[in-house]
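The values are calculated or read from the model by the stated rules, or taken from the named source; none is laboratory data. Remember, it's a predicted structure, so these values are computed and weren't measured experimentally. Heads up, the Cβs are rebuilt from the backbone with ideal geometry, glycines too, and the neighbour counts pull from every protein chain shown.
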Amino acid sequence: MATTAMLHGGWAIVLGAAVYWFGAGRRAWVRWLVVLMTMALCLVPGPPSPVYWLGLMFQAPSLMSAVLCLAYVMRQGRLPSRGRAWLVLGVTGLVLGGVLLLDMLAWWPVSVYAWGFSTAALALVCLVWACFWLLWWGRHDGLEVTLLLAAVVVVFVLTRLPTGNVWDAVLDPWLWLVLLVRFAMRGARRVGRRLTSRPGSPPTRA
Amino acid sequence: MLALVVCAVVIVWDLAHRGLPTPMARAVMPLVAADFSQPPQRKGQGSIPMPYNTPAAHSSSLLALPASHADALMAFWFAGTRESAPDIGIVASSFERNLQRWRPARFVVNRFGLGQDLGFGVRRLGNPVAWMDAQGRMHLFVVATGLGGWAASRIVQLRQSQAGQSLDELSFEVERVLPLSWWWNTSFLVRAAPLPLQDGGMLLPVYFELGLKYPVSLRFDASGGFKGMVRMSDRKRILQPTVLMQTETTWLALMRDQNPQGHIAVAQTQDGGAHWQDLPDLALVNPDASVAAMALAPRQLWLVHNSSVQSRNVLDLSQSQDGQSWQSMQRLAQGKGTDEFSYPAMAWADDSLWVSYTDQRQRISWQRFAWPKP
């Protein structure tokens, strides 16, 4: 029951946020109407619902994706503030996703995914959460990340959603791919800036 | 300081709600009274009836039923117009003790009903594996694919609903999709029978097959609760493990090997499945085909396997005392050319060893063997 609720509710939030993002520039009431219609459609059982097909391919989204998308919609499309805490969280997610992907391909001597069912893995996530809290609580971005992690950890501990494995709660492959693309674009921009600012390179036009 | 206290509270809450740690797994040897110094006698054979107008069948699983049941054992397999067809479903039949015959087969799981219960679509079904928990409820593990072929598979655990115990009343409800990989929970499949444990639970051998292939064992408690997973081999081209008990905590896993050398791969655990080590391949040849194995008594290990390098047209029953050297005891089936007798399953019921296997991908055949009483 809880798993089905996570499947439908999680995708309703994620798709609602995606539709909200695509609807930028439209009238507010049109945008919200489409978001609500999309979310309502996600709650319909069976093949008419996009969840029936998304679940077939991708199962349920992670709690992290659901909470991030919910925050995005509730803040009416305002992205999180820039800051070191978000950067560190993104890098952590990127590394974790790489480790889990290679784990699925049996690269590691022990199964990292299987470890995600244990309290020890939850303790590691809590330790990361505590680090953000201790290091960046006084900053706006630190507060946002700490509250985000708190929401994910508390919902996971109370419900075990979506699978009982803490890695599935904190990161899903779509979120990892988004991080990968964002960091790749960031890296490409940085390389581009370095190339254009190198001595002897032609001056950029204002 | 507050951060650490909050984290400690979360971890203590988690520990308190997880229950006790899972104890070391100890396997159960079947209670078999037979004189194994004598060769097995074939007591019966034939084909299990197929549902009407169903031309394709594959991958059977046998489940011994309690002595109080009207039937000795139940067989499950997948059937339809062809493998991977949209109409493929899971079929069941059972062997009546009184009349000594198989009941008419019926579909017990189809992909549309399963998709409805899961809340998301299922493209194809396959490889049912049955198990009975400590409360006498049947569990059925089936392969259900997402978008893609068998490599996009997930394992769905179904549990017998309370409707009734007979074949006519048999129905299943979804327990869970087993969470086995982070990458959208692909690509794990199940094929071989579980190893029963002394705590009433079992160890289910499964395998990963997206590009590379490796075996994994899953631990379940007495009520069918999923307790964890352990990779069984460092090798990357072996699949479809079947677990064979040597002692309570020392087990062998015999596996299909995709390498062209054509042998059966082996791994061993000496601590109840907590850790596994690869062993050298068996000397037995095998054409990259599924095998079934079962320990009937200490040093009485039995194996059903295809015994040709190139083809699945020969199926043998072999015996071993140590799991390393095997002796062929019976030829179960022999054909020519592209004939296929494959995907065997074994069970011990009513003082007999039962073997079922795919026969030409059209039906499930069975044979029954018994030994004199000691």
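See the values below:
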| quantity | calculated |
| --- | --- |
| Exclusive hit being under 25 Å from residue B:93 (Cβ atoms), of a type in the set (Gly, Ala, Ser) and surrounded by fewer than 22 Cβ atoms within 10 Å (Cβ to Cβ), set B:345, B:297, B:292, B:370 | B:370 |
| Qualifying position, being surrounded by fewer than 19 Cβ atoms within 10 Å (Cβ to Cβ), in contact with a Cys (Cβ under 9 Å, 6 or more places away or on another chain) and within 8 Å of chain B (Cβ to nearest Cβ), among A:130, A:123 | A:123 |
| Positions within the range A:158-172 being part of a helix (DSSP H, G or I) and either buried (at least 20 other Cβ atoms within 10 Å of the Cβ) or more than 14 Å from chain B (Cβ to nearest Cβ) (or both), in sequence order | A:166, A:167, A:168, A:169, A:170 |
| Restricting the range A:42-77 to residues that are touching a residue at least 40 places away in the same chain (Cβ under 8 Å), part of a loop (DSSP other than H, G, I, E, B) and within 14 Å of another protein chain (Cβ to nearest Cβ), the residue that is surrounded by the fewest Cβ atoms within 10 Å (Cβ to Cβ) | A:49 |
| Options B:253, B:222; residue that is under 18 Å from the mean Cα position of the chain (by Cα), hydrophobic (A, V, I, L, M, F, W, C) and not in a strand (DSSP E or B) | B:222 |
| Breaking point among (1) farther than 20 Å from residue B:211 by Cβ; (2) away from chain A (no Cβ under 14 Å), for residue B:173 | (2) |
| Residues located in the range A:104-153, provided they are among the charged types (D, E, K, R) and touching a Ser or Thr at 6+ places or on another chain (Cβ under 6 Å) | A:141 |
| Residue in the range B:277-288 that is part of a strand (DSSP E or B) and in contact with a Lys or Arg (Cβ under 8 Å, 6 or more places away or on another chain) present | yes |
| Test: residue in the range B:68-85 that is more than 30 Å from residue B:144 (Cα to Cα) and loosely packed, with under 13 Cβ neighbours inside 10 Å | yes |
| Breaking point among (1) at pLDDT 90 or above; (2) more than 9 Å from every other protein chain (Cβ to nearest Cβ), for residue A:103 | (2) |
| Selected residue (only one of A:9, A:16 is surrounded by fewer than 21 Cβ atoms within 10 Å (Cβ to Cβ), under 23 Å from residue A:172 (Cβ atoms) and in contact (Cβ under 8 Å) with a residue 12 or more places away in the chain) | A:9 |
| The range A:78-90 - residue that is in a helix (DSSP H, G or I) and touching an Asp or Glu at 6+ places or on another chain (Cβ under 6 Å) and, of those, surrounded by the fewest Cβ atoms within 10 Å (Cβ to Cβ) | A:86 |
| Subset tally (residues that are surrounded by 18 or more Cβ atoms within 10 Å (Cβ to Cβ), away from chain A (no Cβ under 12 Å) and out of contact with any Ser or Thr (no Cβ under 8 Å at 6 or more places or on another chain)) for the range B:213-241 | 3 |
| Number of the exception - residue B:235 against (1) of a type in the set (D, E, K, R); (2) over 26 Å from residue B:300 (Cβ atoms); (3) under 17 Å from the mean Cα position of the chain (by Cα) | (3) |
| Subset of the range B:198-207 [of a type in the set (A, V, I, L, M, F, W, C) and surrounded by fewer than 24 Cβ atoms within 10 Å (Cβ to Cβ)] | B:203 |
| Strands (runs of 3 or more DSSP E) within the range B:311-374 that include 3 or more residues closer than 25 Å to residue B:130 by Cβ and at pLDDT 95 or above | B:314-320, B:341-349, B:352-359, B:363-370 |
| Residue that is within 25 Å of residue B:152 (Cβ to Cβ) and not aromatic (Phe, Trp, Tyr), where the choices are A:118, A:111 | A:111 |
| Selection within the range B:2-22 - assigned to a loop (DSSP other than H, G, I, E, B) and either surrounded by 11 or more Cβ atoms within 10 Å (Cβ to Cβ) or in contact with a Pro (Cβ under 6 Å, 6 or more places away or on another chain) (or both) | B:22 |
| Residue list for the range A:118-162, restricted to those being of a type in the set (Phe, Trp, Tyr) and more than 19 Å from residue B:1 (Cα to Cα) | A:156 |
| Some residue of the range A:137-144 being under 28 Å from residue B:179 (Cα atoms), outside any helix (DSSP H, G or I) and within 10 Å of chain B (Cβ to nearest Cβ) | no |
| Residue match in the range B:38-59 (condition: among the hydrophobic types (A, V, I, L, M, F, W, C), farther than 21 Å from residue B:362 by Cβ and crowded, with 20+ Cβ neighbours inside 10 Å) | no |
| Criterion violated by residue B:129 - all others in (1) hydrophobic (A, V, I, L, M, F, W, C); (2) facing chain A (nearest Cβ under 9 Å); (3) buried (at least 22 other Cβ atoms within 10 Å of the Cβ); (4) in contact (Cβ under 8 Å) with a residue 12 or more places away in the chain satisfied | (2) |
| Which numbered condition residue A:154 misses (of (1) within 8 Å of chain B (Cβ to nearest Cβ); (2) within 15 Å of residue A:83 (Cα to Cα)) | (2) |
| Identity of the residue in the range B:101-126, in a strand (DSSP E or B) and in contact with a Leu (Cβ under 9 Å, 6 or more places away or on another chain), that ends up nearest to the other protein chains (Cβ to nearest Cβ) | B:125 |
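Each row is one residue, and each column tells you yes or no for (1) part of a strand (DSSP E or B); (2) of a type in the set (D, E, K, R); (3) under 15 Å from the mean Cα position of the chain (by Cα).
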residue	(1), (2), (3)
B:72	yes, no, no
B:78	yes, no, yes
B:83	no, yes, no
B:93	yes, no, no
B:98	no, no, no
B:148	no, no, no
B:167	no, no, no
